[in-house]
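The values are calculated or read from the model by the stated rules, or taken from the named source; none is laboratory data. None of these values were measured; they are calculated from a predicted model. Every residue, glycine among them, receives a Cβ derived from its backbone with ideal geometry; neighbour counts consider all protein chains shown. Ligands, DNA and RNA are stripped out before the accessible areas are found, and what is left, the full protein with its side chains, is counted by its heavy atoms. Shrake-Rupley method; radii C 1.70, N 1.55, O 1.52, S 1.80 Å.
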Amino acid sequence: MEKVFSLIVDNTSGVLSRISGLFSRRGYNIESITAGVTADPRFTRITIVTTGDDDILEQIEKQVEKLVDVRNITELVPDSSVYRELALIKIECKPEERPNIISITDTDAFKANVVDISKNGMIIEMTATSAKIDSFLELMSSYKILEIARTGIAGLRRGTDNIFWPDKNNIE
C-alpha cells in the first residue's frame with residue numbers, strides 16, 4: 001500500500017536529513033520526497049510518498065510526527081488532493097521524427113513541452129500525475145530514451161478547509 005504525507009516543518013538546516021534518517025534507521029522506504037519553502041519562509045513543505053502495510057504506515061506517521069522540526073503531518077488522500085510531478089525526458093531522434101514526437105507532446109492527453117532540440121535529440125518537459133508520465137514514457141518507448149529526470153510528487157489537499165498554519169506567537 002502507498003501513502004502520501006504532507007509535512008510542514010521548520011525551515012532549518014538538516015531537517016530533510018533528519019526526516020530521511022528516521023526512514024533509514026527504521027528500514028522504511030521512501031518512494032519519492034520533495035521539499036520547498038512555503039508562503040512563510042520560516043517553514044518548508046515536504047511531500048513524502050512511502051509504501052508498507054497499514055501497521056508500518058501508521059508507525060511512520062507517528063514517528064515522523066514526533067520529530068522536533070515537524071509542525072504538522074497530513075495524509076494526502078488521492079480523492080481529495082492534487083498531485084503533480086515534473087519529468088524531463090531526453091529522447092534520441094532524427095530530424096524527420098521530430099514532427100511525430102511534437103504532435104504527441106501537444107495533445108490534450110499529455111500537454112508536454114519540447115524545451116530543447118539538438119541535432120539528434122530533444123528534451124521534453126512534462127508536468128502531470130505520475131501515472132500520466134508513466135503512460136507518456138510507455139508511448140515514447142519506441143524511441144530511444146537517453147535520460148529521464150523526475151522530481152517526485154508535490155501535492156496539496158483540495159479546498160480551503162483545514163489548512164495548517166503554525167501559530168506565529170508560539171514559534172521560537
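Listed values, structure above:
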read-out	value
Test for Tyr28: is it of a type in the set (Phe, Trp, Tyr) and within 17 Å of the chain's Cα centre (by Cα)	no
Number of the condition not met by Leu137 [criteria: (1) open to solvent by 50 Å² or more (accessible area, probe 1.4 Å); (2) at pLDDT 95 or above; (3) not aromatic (Phe, Trp, Tyr)]	(1)
Neighbours by Cβ (under 8 Å, 6+ apart or cross-chain): first from region 126-144, under 12 Å from Leu86 (Cα atoms) and without any contact (Cβ under 8 Å) to a residue 60 or more places away in the chain; second assigned to a helix (DSSP H, G or I) and of a type outside the set (Lys, Arg)	Met126/Thr105; Met126/Ile133; Met126/Phe136; Ala128/Phe136
Breaking point among (1) under 19 Å from Val9 (Cα atoms); (2) at pLDDT below 90, for Lys62	(2)
Failed condition for Pro166, given (1) open to solvent by 80 Å² or more (accessible area, probe 1.4 Å); (2) in contact (Cβ under 8 Å) with a residue 24 or more places away in the chain; (3) over 19 Å from Ile89 (Cα atoms)	(1)
Qualifying residue in region 123-134 (condition: at pLDDT 95 or above, farther than 29 Å from Ser20 by Cα, open to solvent by 60 Å² or more (accessible area, probe 1.4 Å) and in a strand (DSSP E or B))	no
Residue check for Lys144: at negative phi, basic (Lys, Arg), modelled with pLDDT of 90 or more and surrounded by 15 or more Cβ atoms within 10 Å (Cβ to Cβ)	no
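Each row is one residue, and each column tells you yes or no for (1) more than 22 Å from the chain's Cα centre (by Cα); (2) aliphatic (A, V, I, L, M); (3) within 14 Å of Glu2 (Cα to Cα).
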| residue | (1), (2), (3) |
| --- | --- |
| Ile56 | no, yes, yes |
| Lys66 | yes, no, no |
| Asp69 | no, no, no |
| Glu85 | no, no, no |
| Glu92 | yes, no, no |
| Glu96 | yes, no, no |
